[in-house]
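Nothing in this text is a laboratory measurement; each read-out follows from the coordinates by a stated rule. Because the structure is a prediction, the values reported are computed rather than measured. FYI the Cβ positions are ideal-geometry reconstructions off the backbone, even for glycines, and counts take in every protein chain you see.
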């Protein structure tokens, strides 16, 4: 039981570490820049983002935990790729203020999410299902990012 708990803690910790590192890209200057952008009317209020992302990171970590218990390491590789792309998006969009490049990163992120879901399906269908909200949010984020690119 202790080993299972440590594994769960590791995967959740890894997910939330990426969340923390991504949040470092959003300093006061980048948030001022962001508030000055023309954004879609569908853009949620700023307070919604940490709530949604906390939920998504928790699901991601639990999903990876489930697969890691059943599969070889290579089944987790797409998960690690999407974590890196998720982190990269925050830095490219907010810190470097490159919405067009961030859109390309987001496209790759969505591809890696679909790859992750497909790989997880082979090992644990519920783990793959846990990624559905993240995939849907990814498509929504793509729309929001595309809107910023088009209108700014």
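Listing for the model above:
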item	result
Cα-based helix-to-principal-axis angle, 99-123 vs the chain, degrees rounded to 10	20 degrees
Relative contact order of the chain, defined on C-alpha pairs under 8 angstrom at six or more residues apart (%)	32 percent
Label-point separation in nm, residue 74 to residue 152, each point 7 Å along Cα→Cβ	4.1 nm
Residue 27 paired with residue 97, simple spin-label distance in nm, labels 7 Å along Cα-to-beta-carbon	1.2 nm
Relative contact order computed over the stretch 9-91 (Cα-Cα under 8 Å; 6+ residues apart), in percent	59 percent
Per-peptide average of other Cβ atoms within 10 Å, ordering 134-142, 105-113 highest first	105-113, 134-142
Helix axis angle, 132-151 relative to the chain longest principal axis, alpha carbon, degrees	20 degrees
Compactness relative to 2.2 N^0.38 Å, alpha carbon Rg of the chain	1.07
Added length on full extension, which subtracts the Cα-Cα distance from 0.36 nm per residue, residue 39 to residue 125	27.4 nm
Mean residue ellipticity (222 nm) of the chain, computed from DSSP H runs ≥ 4 via -39,500 (n - 2.57), nearest 500	-25500 deg cm²/dmol
Euclidean distance of C-alpha centroids, the stretch 85-108 and the stretch 1-78, integer Å	15 Å
C-alpha long axis of helix 48-70 to longest principal axis of the chain, angle in °	30 degrees
